[in-house]
Amino acid sequence: MTWSLSNTITWSSNADNHTAMVYLFDTVLSGFTNISVSTHPDASSFKRSWTRSSDSLVTGASYVEYFWVNWGSTSPTNLSMYNDQTYTSVPGDLGTDTLNVVTVDLDPVDLDWKFWVSDVNSNSVIVTRGKRVIFAEIAPSEAYLFEDSGWTSSGNTARSQFFPMHHGILQWQHGRCWPQANASSTLESALIPLIGKDTAGDVGEADTTVFWGSGISTANTNTSTTPGDDTFPVYPYIQSDVGTIVYNSASGSSRYAGLGFSDGKLILDSTNSRYYLQPINTASDSVLVFDMGTSEPNLS
């Protein structure tokens, strides 16, 4: 249950950001059994259309999420990811819907691109530049995904669409969330770790516990960091090399299932002799961590 380095793209200019995006979508994600990546309908070299397939725990049937991405040029600094909810004949044939979007900061530091793969889930990847996690795809094969029978080509839908995790924001996002009360909003909604609290354990920080494989749920509101009466589980369980660290001795009560917008930190678990990468550098709130194994990873 660990992440290991699979590829490095040396950075010398923003043109290498384009190389990294092409590699991410055309090689890494397209190699996943649950993801299909295709040329964007306008054939741009810096756009892609893609889908993620999962089993819906709501209906018991296969469920497909539709996205398109645009990194703007062959020397990009940002990546825009969109829910692809309008179409002409069949979903995915248009790639112009911009209603729900998240923006990824591709160039926060002038460091090499590194791609890490999991030994417990071959359909997952984390992408780092230094201690900053730029992109992470860890969606499991089953999720609570709500279909919308009223979805038409005009995009008038509240069906579930969950973006990959991305740098530049504290919270993991999804574009539409039905049946949550704010589903009709054009704003994205926040996702948070689905955890309890414990007072035992030690991972190098006093009175701290890591819940490995913890689930993900919706937050109370679009921007909330805590659960509420209107929340529901999204992923009841994620892979065993991704966990939620809970700093029980600290005062923070917020929960963040995101990658943040600054340098993360590397934690040495002195009890188990393992290194954990924590994308959001905090010692008070509950945030995600990645198990990087028994050897210190090179995050330079």
Item to check | Longest to shortest principal axis, alpha-carbon extents of the range 1-82, angstrom | outcome: 47, 38, 17
Checklist outcome for this item: Taking 0.36 nm per residue of separation between Thr98 and Asp110 and subtracting their Cα-Cα distance, the length gained on full extension comes to 1.4 nm
Checklist entry - Based on DSSP H runs of at least 4 residues, each adding -39500 (n - 2.57), what is the mean residue ellipticity at 222 nm of the chain after dividing by all its residues, to the nearest 500 deg cm²/dmol? => result -1000 deg cm²/dmol
Next on the checklist: Once you place label points 7 Å from the Cα toward the Cβ at Ser38 and Asn78, how far apart are they in nm?
Outcome noted: 2.8
Checklist entry - Which listed residue (Pro140, Ile245, Thr77) has the Cα farthest towards the positive end of the charge dipole for the chain, taking +1 on Lys and Arg C-beta and -1 on Asp and Glu C-beta about the Cα centre? => result Thr77
Item to check | When the convex hull of its Cα atoms is projected in every direction, mean area for the chain (nm²) | outcome: 14.3
Next on the checklist: Between Asn14 and Asp263, what's the calculated FRET efficiency when r is the beta-carbon distance and R0 is 25 Å? Round to 0.05.
Outcome noted: 0.80
Next on the checklist: Using the basic label-point model (7 angstrom from Cα toward the beta carbon), what is the Ser240 to Asp55 distance in nanometres?
Outcome noted: 1.9
Next on the checklist: Only four residue types carry charge here, +1 at the Cβ of Lys and Arg and -1 at the Cβ of Asp and Glu. Report the dipole size of the chain about the Cα centre in Debye, rounded to the nearest 20.
Outcome noted: 180
Checklist outcome for this item: Given backbone amide H placed at 1.01 Å from N, residues whose amide H is under 5 Å from that of Met165, ignoring those fewer than 5 places away on the same chain, are Ala136, Ile138
Item to check | Charged-residue dipole, Cβ positions (Lys, Arg, Asp, Glu), the range 89-164 about Cα centre, Debye nearest 20 | outcome: 220
Checklist entry - For the chain, which whole percent of the accessible surface, found with a 1.4 angstrom probe, sits on carbon and sulfur atoms? => result 48
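The values are calculated or read from the model by the stated rules, or taken from the named source; none is laboratory data. All figures in this text were calculated on a predicted structure; none of them were measured in a lab. Positions of Cβ are generated from backbone atoms using ideal geometry, with glycine treated the same way; all protein chains shown enter the neighbour counts. Calculation scope for accessible area: heavy atoms of the full protein, side chains included, ligands and nucleic acids excluded. Shrake-Rupley method; radii C 1.70, N 1.55, O 1.52, S 1.80 Å.
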